[in-house]
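Taking it in order: structure first as structure tokens, then the write-up.
The values are calculated or read from the model by the stated rules, or taken from the named source; none is laboratory data. None of these values were measured; they are calculated from a predicted model. Here Cβ is always computed from backbone atoms with ideal geometry, including for glycine, and neighbour counts include all displayed protein chains.
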Protein chains: 2
Amino acid sequence: MPRIGYLGPQGTFTQEALQENLSDQFDEQVSYATVPEVLRAVQTGAVESGIVPIENAIEGSVNVTLDTLAFETDLLIEREVVHPVRHCLLARKGTARESIKGIVSHPQATAQCRGFLTRWFSGVPVEAANSTAEAAMTVSRSYLPLAAIAPELAASIYDLEVLDCELEDHPANVTRFVVVGRQKSPHTGNDKTSIVCFIQENRPGSLLEILTEFASRGVNLSKIESRPTKKVLGEYYFFIDIEGHVDDPEVSEALGSLVGKLRELKLLGSYPAASVGG
Amino acid sequence: MPRIGYLGPQGTFTQEALQENLSDQFDEQVSYATVPEVLRAVQTGAVESGIVPIENAIEGSVNVTLDTLAFETDLLIEREVVHPVRHCLLARKGTARESIKGIVSHPQATAQCRGFLTRWFSGVPVEAANSTAEAAMTVSRSYLPLAAIAPELAASIYDLEVLDCELEDHPANVTRFVVVGRQKSPHTGNDKTSIVCFIQENRPGSLLEILTEFASRGVNLSKIESRPTKKVLGEYYFFIDIEGHVDDPEVSEALGSLVGKLRELKLLGSYPAASVGG
């Protein structure tokens, strides 16, 4: 069985999504420190597949994932997985909640649990970590009674106790992950296609032209995201998710007619659409 | 003269942008810990204006700014300021570069200086901070020889030495800040208008309909950004920047015709367009 790279360290939400949805399909899980490192490992063949977060229901797109897929690698999305983000409060075993002297987490996780922190830990200092899993590791090694905001999976990995769970302000907090590799996924009848559009120049109506090619053929777009080209402020490329498979005639026709109108059209693959829920 | 709130703590890029562009217009600068706190302070009248980052040329939109302006406050953008992001390496005075035992910064700043860190500080641990200014403060208080990646302004505030500057991988790294308040800005002939569009339902062609209202009147859009509504994954609202002032007849007409087609159209104001550069 093949190997899969994931955004680490051990105990991240990405690994949680991997273990709950795909663990029987891979016989080795390899942790990488950043999203670009996961994707480059797939590109070079160090692993056959990789799983990375691409969009969160509260925060929006994971920009580094979009940008790396658009600019740095030449990979296909093979599958998407929607996984709930349940933030837990983790401390060393036997730690009383009242004794906690500091909270540790990634700034984004801290921001998502603002209501909980204000209610229960007002005045307690909040330290930053490079990831929620790193926060759990820091807490496990600290002499002071600290608590991490981290995924439940991190409790078992770092030998911590779950003091509380579902700390997040928004109950609809789910993340969409993509599994990337080199395999073309077959047509299932309930598919999505992701593309990247680089337009010729920033002029009125460019985006309108793109949208018209799809709308005129009755093809729905489930997502459209503008991202900076990183050359000059105000210049964007577009990351678009289409409902349908590239083997569907209307999708194929729309893409065909776009090729001549764009500076570059990059196909990131067609893959089965996940049901959204939690 | 009025007071202005800014995203703090002291020594952030936001304060740098404020001091270099607007300091003569305000007689008091008030630091707030988060973007929502700055904007709420303007909303409640604790300060007359606020300045917050809204878009970075490399990272893209500052989501918390878009979401707070869209959902939580009822303010107008009075002005925009484009300010370069120059990351500097700051250490306590007399620290030799070779002796540095750790780098401290906000994870986003660290990510923007990846090339510099790999070249000069390979193997040196990178600690996370809640902001680049907090990183500078941590370094100033540490007994170990640490260095912060932070704005140059933070060096004078925390009594540190600038060991190096322009650490960022991308030379085009600039941030667009907005000054928000309650004043309507006058027509200058080189203006921008920001709006938020909440569509009736997620159906094919909604965005196309919006774009058509502008394109058919020759109005250019300088930015369009989809953001999650935070209710369910896959449901978005749109944040749009229009070239022109709401007092221009074609802009006014396009907005007028949109009102009936949208669930909600929120006007965030017309203001003079900044020249992009840096």
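Assorted remarks:
- Considering only residues in the range B:137-159 that are of a type in the set (G, A, S) and either crowded, with 24+ Cβ neighbours inside 10 Å or in contact with a helix residue (DSSP H, G or I) (Cβ under 7 Å, 6 or more places away or on another chain) (or both), the one that is nearest to B:G11 (Cα to Cα) turns out to be B:A154.
- Matching residues in the range B:33-56 - criterion: being within 26 Å of A:Q112 (Cβ to Cβ) and in contact with a Pro (Cβ under 9 Å, 6 or more places away or on another chain): B:A33, B:V35, B:E55, B:N56
- Among the residues of the range B:146-174, those that are of a type in the set (G, A, S) and in contact with a strand residue (DSSP E or B) (Cβ under 8 Å, 6 or more places away or on another chain) comprise B:A147, B:A148, B:A150, B:A154, B:A155.
- Residue match in the range B:252-270 (condition: over 24 Å from the mean Cα position of the chain (by Cα), buried (at least 21 other Cβ atoms within 10 Å of the Cβ) and more than 8 Å from chain A (Cβ to nearest Cβ)): yes
- Criterion: exposed (fewer than 15 other Cβ atoms within 10 Å of the Cβ), under 25 Å from A:R40 (Cβ atoms) and in contact (Cβ under 8 Å) with a residue 12 or more places away in the chain - qualifying residue of A:E72, A:E80, A:E134: A:E72
- A single entry from A:I51, A:I58 fulfils the requirement of being at pLDDT below 95 and crowded, with 20+ Cβ neighbours inside 10 Å: A:I58.
- Count of residues meeting criterion [within 23 Å of A:V62 (Cα to Cα) and of a type in the set (S, T, N, Q)] in the range A:186-225: 4
- Remark: pairs (first residue in the range A:57-68, among the charged types (D, E, K, R); second residue assigned to a helix (DSSP H, G or I); Cβ separation under 8 Å; 6+ apart in sequence or on different chains) = A:E59/A:Q108; A:E59/A:Q112; A:E59/B:N63.
- Pairs with Cβ under 6 Å, 6+ apart, first in the range B:147-163 and among the hydrophobic types (A, V, I, L, M, F, W, C), second part of a loop (DSSP other than H, G, I, E, B): B:A147/B:I100; B:I149/B:H87; B:I149/B:C113; B:L153/B:G11; B:A154/B:G11; B:I157/B:Q10; B:I157/B:G11
- The residues of the range B:191-243 that are at the interface with chain A (Cβ under 8 Å from one of its Cβ atoms) and among the charged types (D, E, K, R), listed by number, are B:R203, B:K223, B:E225, B:R227, B:K230, B:K231.
- Identity of the residue in the range B:138-157, touching a Lys or Arg at 6+ places or on another chain (Cβ under 9 Å) and part of a loop (DSSP other than H, G, I, E, B), that ends up farthest from the other protein chains (Cβ to nearest Cβ): B:P145
Conditions (1) free of Cβ contacts under 8 Å to residues at least 12 places away in the same chain; (2) closer than 25 Å to A:P228 by Cβ; (3) part of a loop (DSSP other than H, G, I, E, B), marked per residue:
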| residue | (1), (2), (3) |
| --- | --- |
| B:E225 | no, yes, no |
| B:I240 | no, yes, no |
| B:S257 | no, no, no |
| B:K266 | no, yes, no |
| B:S275 | no, yes, yes |
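- Only a single item in (1) assigned to a loop (DSSP other than H, G, I, E, B); (2) within 22 Å of B:E243 (Cβ to Cβ); (3) out of contact with any strand residue (DSSP E or B) (no Cβ under 7 Å at 6 or more places or on another chain) is not met by B:T212, and it is number (1).
- Residue that is nearest to B:R182 (Cα to Cα) [pool: residues in the range B:11-54 that are touching a Lys or Arg at 6+ places or on another chain (Cβ under 8 Å) and assigned to a strand (DSSP E or B)]: B:S49
- When residues of the range A:158-173 are limited to those that are farther than 24 Å from B:V232 by Cα and not in a strand (DSSP E or B), the one nearest to the other protein chains (Cβ to nearest Cβ): A:Y158
- When the range A:100-131 is filtered for residues that are of a type in the set (A, V, I, L, M), surrounded by 15 or more Cβ atoms within 10 Å (Cβ to Cβ) and not in a strand (DSSP E or B), the ones remaining, listed by number, are A:I100, A:A109, A:A111, A:L117, A:A129.
- When residues in the range B:87-99 are screened for being touching a Pro at 6+ places or on another chain (Cβ under 6 Å) and either in a strand (DSSP E or B) or small (G, A, S) (or both), 1 of them pass.
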